[in-house]
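Novice: Before we start, here is the structure in question, set down as structure tokens.
The values are calculated or read from the model by the stated rules, or taken from the named source; none is laboratory data. All of these numbers come straight from a predicted model, not from anything done at the bench. Glycine also receives a Cβ, built like all others from the backbone with ideal geometry; neighbour counts cover every protein chain displayed. For the accessible areas, the whole protein counts, side chains as well, though only heavy atoms, and no ligand, DNA or RNA atoms are used. Shrake-Rupley method; radii C 1.70, N 1.55, O 1.52, S 1.80 Å.
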Amino acid sequence: MEQRHLGRTGLRVSRLGLGTLTWGRDTGEHEAAGQLKAFWEAGGTLVDTADVYADGGAEYLLGRLLEDLVPRRDLVIATKAGSVLDPDRRVDCSRGHLLAALDASLERLGTDYVDVWQIHAFDAATPVEETLQAVDLAVRSGRARYAGVAGFCGWQLAKAATWQLAEPAVRTRLACTQMEYSLLQRGIEREVLPAALDLGIGVLPSSPLGRGVLTGKYRHGTPADSRGASEHLAPFVAPYLDDTAARIVDAVTTAAHGLAVTPLQVALAWVRDRPGVVAPLVGARTTQQLGAALSVETLSLPDEICQALDDVSAPVHRYPDQDWSTL
């Protein structure tokens with residue numbers, strides 16, 4: 001699998017990442033083992049998880065598999081901290097919480113360090129310089145090699161990244177930002193993506209298949225074994241089952257038929273090759289589904305197909321996202 005630099009750093013990762021959101025909850029050890037082995041054998045290196053996935057279960061499961069299945073040195077392990085499973089406070093990016101969460105992640109993963117440590121969300125109640133000091137301490141201590149953020153809007157990303165760049169000798173450059181990005185969700189193109197491109201921050205798209213909708217599986221109803229039929233994931237899928245999404249899915253399906261490939265391959269290749277994107281993160285329910293995603297490695301979309309998909313899915317950019325001369 002082709003490797004790409006993670007932002008403006010020397011770290012190289014596979015241009016497709018393995019997501020573990022459902023590990024330890026909907027995905028058991030046997031299925032997770034099959035996915036990790038298939039991913040590794042295909043040349044994949046980037047595995048993304050978080051301390052809140054399955055309340056720590058995803059990290060624990062990944063750590064078990066690292067013992068016997070795949071050599072630790074062959075993988076780039078990325079995890080996150082900052083989100084908390086508390087209805088009264090969903091984010092805690094205080095220095096104390098973050099560093100304690102990192103230590104707990106390392107214990108569950110069974111490793112001395114993570115390759116990429118990401119702040120999972122912006123915490124308006126904590127000064128950003130305190131949050132970023134935790135990042136610097138983690139890297140300085142060797143517990144994390146690189147750092148990034150997730151879920152930061154444009155100004156939050158720019159503020160955090162610029163703060164770190166102000167003293168490059170003592171502060172850690174942000175390498176990446178993880179955001180939802182697909183043909184069904186192009187909102188990051190307004191401000192987040194321009195900021196990331198300008199600051200040399202790599203983008204890791206989550207839900208690159210539009211929460212599964214871009215595979216075309218929901219065109220004629222909701223399959224019983226799909227996330228859309230799952231009690232706890234149905235609300236996650238529902239926003240992308242409207243008429244606007246249906247038109248985009250139809251366009252993806254038409255393109256797939258013309259290229260003799262699948263809608264999944266078309267949708268994934270489109271987002272993988274967008275400017276600023278390093279590696280879409282694919283979270284598969286089964287090893288077979290992951291194999292379908294891995295098959296996109298050999299596909300590059302023709303320019304005319306990309307343009308047609310851009311047109312049908314184009315987000316609305318109005319003031320102040322556009323230059324004044326276009327108003």
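Novice: Describe numerically, in nm with one decimal, the distance between label points set 7 Å from Cα along Cα→Cβ at residue 41 and at residue 242.
Specialist: 4.2
Novice: With a Förster radius of 30 Å, plug the Cβ-Cβ distance of residue 30 and residue 5 into 1/(1 + (r/R0)^6) and report the FRET value to the nearest 0.05.
Specialist: So the FRET efficiency works out to roughly 0.30.
Novice: Compute, for residue 40, the solvent-accessible surface of its heavy atoms (probe 1.4 Å) with the complete set of protein chains present, and express it in square angstrom to the nearest 10.
Specialist: Using a 1.4 Å probe on the heavy atoms, I get roughly 80 Å².
Novice: Which value, in Å² and to the nearest 10, is the accessible area of residue 319 when all protein chains are kept and the probe is 1.4 Å?
Specialist: Ignoring ligands and nucleic acids, residue 319 comes out at about 140 Å².
Novice: Next question. Residues in region 10-51 near a label at residue 273, defined as backbone nitrogen under 16 Å from the 7 Å Cα→Cβ point?
Specialist: Inside the label zone: 15-16.
Novice: If I model a spin label as a point 7 Å beyond the Cα along the Cα-Cβ vector, how far apart are those points for residue 155 and residue 85 in nm?
Specialist: A separation of 3.4 nm, rounded to one decimal place.
Novice: With an 8 Å cut-off on Cα pairs and a minimum separation of 6 or more residues, tell me the relative contact order of region 49-101 in percent.
Specialist: 35 percent.
Novice: What is the spin-label model distance, in nm, from residue 257 to residue 69 if the labels are put 7 Å beyond Cα along the C-beta direction?
Specialist: Calculated label separation equals 3.8 nm.
Novice: In whole angstrom, note down how far apart the Cα centers of region 1-64 and region 149-185 are.
Specialist: 21
Novice: Sorted by accessible area with a 1.4 angstrom probe, largest first, how do 162, 298, 177, 286 fall?
Specialist: Ranked from most to least accessible, the order is 298, 162, 286, 177.
Novice: Among (1) 47; (2) 53; (3) 41, which one is percent of Cα pairs over 26 Å apart computed from these coordinates?
Specialist: Computed from these coordinates, percent of Cα pairs over 26 Å apart corresponds to label (1).
Novice: Okay, moving on. Excluding same-chain residues fewer than 8 positions from residue 217, which aspartates and glutamates have a Cα within less than 13 Å of its Cα?
Specialist: 225, 250
Novice: Next up: Report the extension gain between residue 129 and residue 310 in nm, rounded to one decimal, defined as 0.36 nm multiplied by the number of residues separating them, less their alpha carbon distance.
Specialist: Contour length minus the Cα-Cα distance gives 61.4 nm.
Novice: Further, regarding this structure: Residue by residue, what Karplus-based ³J(HN,Hα) values in Hz, rounded to whole numbers, does region 36-42 have, using 6.51, -1.76 and 1.60 with θ = phi - 60° and x for Gly and Pro?
Specialist: Going residue by residue, I get 5, 5, 4, 5, 5, 5, 7 Hz, with x marking Gly and Pro.
Novice: Same structure, new question: May I ask you to list the aspartates and glutamates whose Cα is less than 15 Å away from that of residue 159, ignoring any residue fewer than eight positions away on the same chain?
Specialist: Within reach: 123, 129, 130, 167, 191, 198.
Novice: Rounded to the nearest 0.05, what FRET efficiency do residue 234 and residue 170 have when you use their Cβ-Cβ distance and R0 = 30 Å?
Specialist: 0.05
Novice: Turning to a different aspect of this structure: What do you reckon, how do 41, 31 stack up by accessible area (1.4 Å probe), largest on top?
Specialist: 41, 31
Novice: Report, in deg cm²/dmol and to the nearest 500, the calculated mean residue ellipticity at 222 nm for the chain, where each DSSP H run with n ≥ 4 adds -39500 (n - 2.57) and the sum is divided by the residue count. Let's see the in-between values first.
Specialist: Values: 11 runs with 123 residues, N = 327.
Helices in the chain give a 222 nm mean residue ellipticity of -11500 deg cm²/dmol.
Novice: Which order do you get for 105, 300 if you rank them by accessible area with a 1.4 Å probe, largest at the top?
Specialist: 300, 105
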